[in-house]
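What follows is one structure encoded as structure tokens, with my remarks underneath.
The values are calculated or read from the model by the stated rules, or taken from the named source; none is laboratory data. What you are looking at is a predicted structure, and each value in this text was computed from that prediction instead of being measured. Neighbour counts run over all protein chains shown; Cβ positions are idealised from the backbone, glycine included. Only protein heavy atoms, including side chains, enter the accessible area calculation; ligands, DNA and RNA are left aside. Shrake-Rupley method; radii C 1.70, N 1.55, O 1.52, S 1.80 Å.
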Amino acid sequence: MNQVRTRFAPSPTGYLHIGGLRTALYAWLFARKNGGAFILRIEDTDTEREVEGAKDVIYNTLRQTGLYYDEGPDVGGPFGPYIQSERAEIYKRHAEMLVQKGAAYRCFCSKERLAQERAKCEARGETYTYDKHCLSLSREEIQKRLDAGEPYVIRQNIPRTGETTYTDAVFGDITVPNADLDDNVLLKADGMPTYNLANVVDDHLMGITHVIRGVEYLSSTPKYNHLYRAFGWEIPTYIHLPVVMKDKQRKLSKRHGDASFDDFINKGYLKEALINYIALLGWSPGSEREIFSLEELIDAFSLEGLSRSSAIFDVEKLTWMNAQYIRALSKDSFIERAMPYFIEAGAERFDLNLIAELIQPRLERLDEIPGKLSFLTNMPDYDIGLYTHKKMKTDAQSALPVLLKAKALLESQTDYSLEALRESLHALVEELGIKNGQLLWPLRIAITGTEVTPGGAVEAACLLGKAETLRRLNASIKKLQNGMD
Ligand code: GLU
């Protein structure tokens, strides 16, 4: 068998849809698994849709996720150019070849005529297909119109009778009557190809052996096969992937702000967790196992595990997986990944090692970090009702004398390490004959103004340091004294 060659062929829309990333991942995995090559091709012939910087989004996302391509626009390769808008001449030449072979023809029909025909057809309750009007134009007539500079398109000439059977590795054999297939445009009036022509020409010229793409192209595949046959080319293996859904009714769509790779990265998901989760969206390893590195996915991946039914993107499951990945990071790489969020929280000047120890085991998403650390830079004007904790039998009144003792202790304390603080505060609890919580609960409220912090009072005091801890403690003592006058 020839070397396996797969491709990812996104249109530069400015974002990489999760479904697109999954296609790229499967194409990459299949190539790697089979010692083949993975090619990136940019499908930008629809110039109206092009967005500034959109190609970079694609290059960056693939690199960021580790889906390195062997050939592509910015890495080169023997079958370039890899950007369709730079291949216009190639498509034109091939469209002309199809015309010579009778597999395509020039069509001069005006927009108005086409609209009228469509309207008539729809009025009869029929699905519109082009009526092959221009197929019967004589050579002379065509030449006359060409000489007059009339605009035209090139249409595919699909046989009216018979049927076409095609095979997909996921969906099996499918047979369609040719009468259902439209003579779609292959080359537009501006000389640019449509997807119908470009995908066939490029996949062939780039030596693609396995075409892995979204299921939306499945029903047009028989038309592409007519083109392969007209050219006398070998038909690749097709692998169409079902849709990624938001829920049972809706597709995952950019409009909901939760469809692109960047949307999830911005919400604090790790790229490794996303890739792992996406891998399982429509593919099953055939076991209960869920956590896979990219290398492990290469090992486990097989076409047999692909599903025909659409996959529902389960954010809760992704979030669970993300927490597993966060937990598994080394402390250093956790700090590195979390740094933008530490900076957002103004926490970068605090003891990040201690912060990491406190928050890494409990985080589901990195974007929870600023909220968890806001107490470091922000002392809220809290309600003294927070001192009340029934189970610990403490309230504002009982807190005040305890806090005064704590203040004296923390003033004389020179060592603000976690161990030293823990020891001293423990000794104070013993000395006062109270429960741990009766000191630590009010102390946390007094120096953070909130009931929930990563770690407790000891950790908060250690992170804040002596000066800030005492400043806050004094302010809280005053607040209590005033509040109880
Ligand atoms: N440009 C097409 C898209 O973005 C690619 C389809 C294909 O993979 O052939 O949907």
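Residues in the range 350-390 that are part of a loop (DSSP other than H, G, I, E, B) and under 11 Å from GLY449 (Cβ atoms): ASN378, MET379, PRO380, ASP381, TYR382, ASP383.
Determine whether ASP263 is open to solvent by 20 Å² or more (accessible area, probe 1.4 Å), more than 14 Å from the ligand (Cβ to nearest atom) and in a loop (DSSP other than H, G, I, E, B). Answer is no for this residue.
For the range 266-288: of the residues being part of a loop (DSSP other than H, G, I, E, B) and touching a residue at least 40 places away in the same chain (Cβ under 8 Å), which is most open to solvent (accessible area, probe 1.4 Å)? Here the answer is LYS267.
Of all residues in the range 153-183, those that are under 40 Å from the mean Cα position of the chain (by Cα) and part of a loop (DSSP other than H, G, I, E, B) total 8. Checked against (1) within 21 Å of TRP283 (Cα to Cα); (2) within 13 Å of the ligand (Cβ to nearest atom); (3) charged (D, E, K, R), ARG41 meets all criteria but (1). Taken together, ILE326, ILE291, ILE343 contain a single residue that is surrounded by 16 or more Cβ atoms within 10 Å (Cβ to Cβ), of a type in the set (Val, Ile, Thr) and more than 29 Å from GLU216 (Cα to Cα), which is ILE326. Here GLU126 meets the list (1) under 20 Å from HIS94 (Cβ atoms); (2) assigned to a loop (DSSP other than H, G, I, E, B) almost entirely, failing just condition (1).
Restricted to the range 192-216, and to residues that are in a strand (DSSP E or B) and more than 11 Å from the ligand (Cβ to nearest atom), which residue is nearest to THR23 (Cα to Cα)? Among residues in the range 192-216 that are in a strand (DSSP E or B) and more than 11 Å from the ligand (Cβ to nearest atom), the one nearest to THR23 (Cα to Cα) is HIS210. Tell me whether the range 245-262 contains one or more residues that are farther than 25 Å from ARG93 by Cα, at pLDDT 90 or above and small (Gly, Ala, Ser). Taking every residue of the range 245-262 in turn, at least one turns out to be farther than 25 Å from ARG93 by Cα, at pLDDT 90 or above and small (Gly, Ala, Ser). Across the range 246-260, the number of residues qualifying as outside any loop (DSSP other than H, G, I, E, B) and over 11 Å from the mean Cα position of the chain (by Cα) comes to 3. For the range 1-38, residues that are under 18 Å from PRO78 (Cα atoms) and within 9 Å of the ligand (Cβ to nearest atom) total 3.
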